[in-house]
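First the structure, in the form of structure tokens, and then the observations on it.
The values are calculated or read from the model by the stated rules, or taken from the named source; none is laboratory data. As the structure is a prediction and not an experimental result, all values here were calculated from the model. Quick reminder, even Gly has a Cβ in these numbers, built from the backbone with ideal geometry, and neighbours come from all protein chains shown. What goes into the accessible areas is simple: the full protein's heavy atoms, side chains included, and nothing from ligands, DNA or RNA. Shrake-Rupley method; radii C 1.70, N 1.55, O 1.52, S 1.80 Å.
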Amino acid sequence: MKLQVAIDRVDLEYAKKIAKKLDPIVDIIEMGTSLVKDYGYYSLNKNDLGISHAELLLDTKTIDEGKYEFEKGYDTGADILTVMGASSLGTLKTTYAVTQDKKKQMFIDLMEVSDAKLKKIVNFDNAIYGIHHAKDNAQNFDAADSVEKFHRSFPNIKRINVAGGIDLPQVQKLKKQGIAETVIVGSKIMKSLDPIKTAQDFMKEIK
């Protein structure tokens, strides 16, 4: 299992500083949607961020203009870009084609995607499918339970990532469960007193 750390809602200089420190420790560094919107692709170039070990994910949340956004996104050196599962099938096919051509990775964000829609978008074999608890949704979220239910409903989907208030006990459950490819942790690491040590603690549980 891999650890993806989400850096979000901070200024660019801090994002760069913390990314460099996390780079040798974690598997994937995510530059969150707020950073993409606040600073744009040109400020989030992988080399400029100083990332050389971890993979870089830009949480673009593409929902239209898929070819343009994905080509520009991969030009930054990003390894993974995100597209909303709620977007049109045409957008998903386009972004997937760009991803395959660039030999990169596509993350399909399943926030607010119904089972009916999911059945139409399960055939992107190399895509990552992200079970995502919306930040604006106040309902409780059990990551391991959600992953189990999702896997039962869609057993052919092999690459499953999960995000949403994940703490160390949840990571332990997910690791034991053995279904999720990657766990995505944001505030539990970034808002801790020592983000680097906390990331190391998560990595000990994951590996």
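Brief remarks follow.
- Of all the listed residues (Ser187, Ser146), the sole one being free of Cβ contacts under 8 Å to residues at least 40 places away in the same chain, touching a strand residue (DSSP E or B) at 6+ places or on another chain (Cβ under 8 Å) and among the polar types (S, T, N, Q) is Ser146.
- Any chance Ile51 is more than 21 Å from His132 (Cα to Cα) and of a type outside the set (Phe, Trp, Tyr): yes
- Listed conditions (1) at pLDDT 95 or above; (2) under 17 Å from Glu30 (Cβ atoms); (3) surrounded by fewer than 21 Cβ atoms within 10 Å (Cβ to Cβ); (4) among the charged types (D, E, K, R) are all met by Lys67, apart from (2).
- Of the residues making up segment 180-194, those that are in contact with a helix residue (DSSP H, G or I) (Cβ under 8 Å, 6 or more places away or on another chain) and either part of a helix (DSSP H, G or I) or farther than 14 Å from Gln170 by Cα (or both) are Lys188, Ile189, Met190, Ser192.
- Residue that is farthest from Ile63 (Cα to Cα) [pool: residues in segment 74-92 that are part of a loop (DSSP other than H, G, I, E, B) and of a type in the set (A, V, I, L, M, F, W, C)]: Ala78
- Members of segment 46-64 found to be part of a loop (DSSP other than H, G, I, E, B) and open to solvent by 40 Å² or more (accessible area, probe 1.4 Å), listed by number: Ser52, His53, Ile63, Asp64
Listed here are the residues, each with its yes/no results for (1) crowded, with 19+ Cβ neighbours inside 10 Å; (2) at positive phi; (3) within 15 Å of the chain's Cα centre (by Cα).
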residue	(1), (2), (3)
Ala116	no, no, no
Asp125	no, no, no
Phe154	no, no, no
Gly165	no, yes, yes
Phe202	yes, no, no
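- Scanning segment 36-43 turns up no residue that is within 16 Å of the chain's Cα centre (by Cα) and open to solvent by less than 10 Å² (accessible area, probe 1.4 Å).
- Scanning segment 5-21 for residues that are surrounded by fewer than 23 Cβ atoms within 10 Å (Cβ to Cβ), out of contact with any Pro (no Cβ under 7 Å at 6 or more places or on another chain), in contact (Cβ under 8 Å) with a residue 40 or more places away in the chain and not acidic (Asp, Glu) yields Ala6, Val10, Lys21.
- Any hit, segment 64-80, residues being within 13 Å of the chain's Cα centre (by Cα) and hydrophobic (A, V, I, L, M, F, W, C): yes
- Flag for Asp27 being open to solvent by 10 Å² or more (accessible area, probe 1.4 Å), of a type outside the set (Gly, Ala, Ser), in contact with a Ser or Thr (Cβ under 6 Å, 6 or more places away or on another chain) and within 27 Å of Val147 (Cα to Cα): no
- If you go through segment 93-114 and keep only what is open to solvent by 70 Å² or more (accessible area, probe 1.4 Å) and part of a helix (DSSP H, G or I), you end up with Lys93, Gln100, Asp101, Lys102.
- Cβ-Cβ distances below 8 Å connect the following pairs, each with a first residue in segment 23-39 that is over 16 Å from Met190 (Cβ atoms), a second residue that is among the hydroxyl-bearing types (Ser, Thr, Tyr) and open to solvent by 10 Å² or more (accessible area, probe 1.4 Å), and a separation of six or more residues or different chains: Val36/Thr60.
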